[in-house]
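A quick write-up on the structure given underneath.
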Amino acid sequence: MNYIGNIFKNVNMKPTWLIRMSVTVTQNRLRRLVGSGLRGACRPNERISELRSRAKEVDVPTIGRLEQVFFGLADKSRLMILELLAKEELCECEVSSALGLTQPTASHHLNILERSGLVSTRRDGKWVFYRISSKVAALLNKWYELAERS
């Protein structure tokens, strides 16, 4: 890691001069791209304005929701759990036994899947059962088909 990275590795924000420098470098690259003619006949500032207005149109809450869903899907163990739950509703102990996971690990993955909205729970006394909706199961089948074709 470079010197600047070492200074700011435990800080959530980079200094404003570093951000301004990065934005300037990026804008210069964009100006070179537009100047090359690869983006049609427009001025660099017009292109920047166009892109910024497009970025403002992005539905941020929907993007945040998608981020949660994809985070839930971004792990092999969680995908395997979803595959098991597509067949039937399972308790955490059944999931951990089936996949050879420790109880805390299985619980962690199930918690992430629940927070991402991919699974729901049903409590029966002390037992918590996990299941996926038919919509999620249908999406999983489509994604598996897509993965097999690519």
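The figures follow:
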read-out: Efficiency of FRET from Cβ geometry, Ser150 and Thr102, R₀ 25 Å, rounded to 0.05; value: 0.15
read-out: Pairs of alpha carbons in segment 64-149 whose separation is greater than 22 Å (percent); value: 21 percent
read-out: Förster-model FRET efficiency, 22 Å R0, Ala138 and Val58, C-beta, rounded to 0.05; value: 0.25
read-out: Extension gain from Ser49 to Arg122, taking 0.36 nm per residue of separation minus the Cα-Cα distance; value: 21.3 nm
read-out: Distance (nanometres) between label positions extended 7 Å along Cα→Cβ at Leu33 and Glu89; value: 5.0 nm
read-out: Burial order of peptide ranges 86-97, 115-126 (average beta-carbon count within 10 Å, highest first); value: 86-97, 115-126
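Every read-out reported here was derived from the displayed coordinates using simple, explicitly stated rules and does not represent laboratory data. None of these values were measured; they are calculated from a predicted model. Cβ sites come from the backbone with ideal geometry, for glycine too, and all protein chains shown count toward neighbours.
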